[in-house]
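Right, one structure below, let's go through it.
The values are calculated or read from the model by the stated rules, or taken from the named source; none is laboratory data. All of these numbers come straight from a predicted model, not from anything done at the bench. As a convention, Cβ positions derive from the backbone with ideal geometry for all residues, glycine included, and neighbour counts pool all protein chains shown.
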Amino acid sequence: MAENDSNPSPVTAEQEESKEVPPPSTSDNEVVVVEEKEKEKEKEKEKEKEEEEEKEEEESLKIESNRVCDSERKGVEELKQLLRKELDEVSIWGVPLFKDERTDVILLKFLRARELRVKDALLMIHNTLQWRKDFDIEALLDQDLGDDFDKVVFMHGHGREGHPVCYNVYGEFQNKDLYHKAFSSHDNRSKFLRWRIQLLERSIRSLDFSPGGINTIFQVNDFNNSPGPAKRELRLATKQALHLLQDNYPEFVAKQVFINVPWWYLAFYTVINPFLTQRTKSKFVFAGPPKSPDTLFKYISPEQVPLQYGGLSVDFCDCNPDFTMSDPVTEIPIKPTTKQTVEIAIYEKCIIVWELRVVGWEVSYNAEFKPDAKDAYTVIIQKATKMVPTDEPVLSNTFKVGELGKLLLTIDNPTLKKKRLLYRFKIKPYYLMNS
């Protein structure tokens with residue numbers, strides 16, 4: 001039977017290759033061009049967004065100078081003339097308001113608080129001086145008000161730019177006895193307020209009001225485990241304290257960093273945000289629990305940050321004989337699912353002491369000493385150990401080095417999160433081990 005002529009004949013490989021591929025249509029070209037343009041626009045938008053975020057971060061890190069600029073100098077001089085006419089020799093925070101190089105810095109605080117309106121600044125000074133007299137500030141400085149609230153508000157360390165740091169720990173008020181002592185009655189609230197003002201006054205006396213000096217305080221507000229807005233007494237006391245501070249302690253805040261911020265506080269801030277000046281808002285920084293340590297480290301070196309906030313500084317006691325806040329800490333980022341090894345070369349017989357931490361742990365850690373000699377064995381100081389959040393926040397160790405080599409500290413991060421390793425070490429004389 002003959003084959004049907006309507007069936008297509010087979011095409012050889014040579015014939016297939018010889019076929020010409022039709023050129024893309026004009027519409028296809030247009031689609032490709034449009035897609036490329038859209039991709040370029042997206043890249044430009046991403047780049048602009050990154051640049052904007054970097055700019056915002058740079059702005060947030062800036063802390064205002066206390067130097068008087070030309071636009072403010074005129075107001076300062078006018079304010080001084082008015083004060084001389086109305087007041088005898090007077091001082092505030094230990095600084096005379098006349099004939100002192102620190103005077104301009106003090107007056108500038110009041111001027112800035114009143115947006116350079118001289119008469120308003122003058123009125124604010126009058127009111128502050130009267131309030132200080134009524135509150136008997138000078139006598140308050142020397143009073144013994146006990147130590148019940150020492151963990152509620154405390155000064156600890158300095159920021160990267162030298163500002164003293166004040167921590168406000170709202171979670172301490174979950175302690176019912178402490179809450180009762182602070183807010184259960186009008187007298188108790190007054191005592192707590194006097195204690196808080198005393199701490200602030202003593203802190204201010206340690207500031208440097210000379211031109212170019214550090215004369216503001218870095219505030220850290222910790223909302224971890226905070227009682228929240230449901231506690232009426234706490235809410236009212238906080239409101240009273242804020243009004244008092246705003247009226248009588250102008251421009252003493254370098255930054256207000258809020259850490260472990262809960263959703264309800266962000267909702268509250270959204271409501272009050274339109275009523276805040278840009279000057280005030282520029283000093284605010286907010287961070288939820290996961291980002292709180294990293295946010296603090298932007299402004300405060302880890303050796304200055306207390307243990308409870310992710311740093312290496314011992315808080316409330318002097319119980320670290322090997323390291324102090326003056327011993328610098330090295331920070332190393334650890335990418336997700338990677339290992340990071342720190343090599344410390346040792347060139348003499350000695351005793352090496354080190355401490356390290358990874359905030360939140362969830363990593364494995366091991367330490368070993370590798371001698372330089374080819375035929376020497378590696379010494380396992382700490383075998384690989386999985387560290388979990390409930391473990392001690394800081395690991396420390398000591399090793400007696402009898403030959404040249406390297407100390408190797410290895411962190412294995414198996415998680416999908418970026419981690420931060422903090423460590424420091426000291427070399428001590430070899431003979432101390434035997435003493």
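The combined condition, being at pLDDT 95 or above and either closer than 26 Å to residue 292 by Cβ or not hydrophobic (A, V, I, L, M, F, W, C) (or both), is fulfilled by residue 377. From the list 420, 424, the lone residue that is under 21 Å from residue 324 (Cβ atoms) and in the same structural domain as residue 348 (by TED's automatic domain parsing) is 424. Of all the residues in the range 392-410, those that are buried (at least 16 other Cβ atoms within 10 Å of the Cβ) and more than 25 Å from residue 335 (Cα to Cα) number 3. Is there a residue being of a type in the set (A, V, I, L, M) and within 30 Å of residue 329 (Cβ to Cβ) anywhere in the range 138-152? Yes, the range 138-152 contains a residue that is of a type in the set (A, V, I, L, M) and within 30 Å of residue 329 (Cβ to Cβ). The test for being of a type in the set (A, V, I, L, M), surrounded by fewer than 19 Cβ atoms within 10 Å (Cβ to Cβ) and in contact with a strand residue (DSSP E or B) (Cβ under 9 Å, 6 or more places away or on another chain) does not hold for residue 244. The residue that is farthest from residue 331 (Cα to Cα), counting only those in the range 281-317 that are of a type in the set (S, T, N, Q) and not in a strand (DSSP E or B), is 282.
Selection within the range 127-161: residues that are of a type in the set (Lys, Arg) and assigned to a loop (DSSP other than H, G, I, E, B). The member of this set that is farthest from the chain's Cα centre (by Cα) is 151.
Screening 140, 178 for residues that are over 16 Å from residue 306 (Cβ atoms), out of contact with any strand residue (DSSP E or B) (no Cβ under 8 Å at 6 or more places or on another chain) and not assigned by TED's automatic domain parsing to the domain that holds residue 255 leaves exactly one candidate, 140. The condition of being over 28 Å from residue 288 (Cα atoms) and charged (D, E, K, R) holds for only one of 222, 208, that being 208.
Of 265, 299, 269, which residue is touching a residue at least 60 places away in the same chain (Cβ under 8 Å) and either surrounded by 12 or more Cβ atoms within 10 Å (Cβ to Cβ) or charged (D, E, K, R) (or both)? Answer to the selection: 299. In the range 350-366, the residue that is farthest from the chain's Cα centre (by Cα) out of those that are surrounded by fewer than 19 Cβ atoms within 10 Å (Cβ to Cβ) and at pLDDT 95 or above is 351.
Take the residues of the range 111-126 that are in contact with an Asp or Glu (Cβ under 7 Å, 6 or more places away or on another chain) and part of a helix (DSSP H, G or I): which is surrounded by the most Cβ atoms within 10 Å (Cβ to Cβ)? This residue is 111. Considering each residue of the range 156-165 in turn, at least one proves to be assigned by TED's automatic domain parsing to the domain that holds residue 241, crowded, with 20+ Cβ neighbours inside 10 Å, over 24 Å from residue 241 (Cα atoms) and in contact with a helix residue (DSSP H, G or I) (Cβ under 6 Å, 6 or more places away or on another chain).
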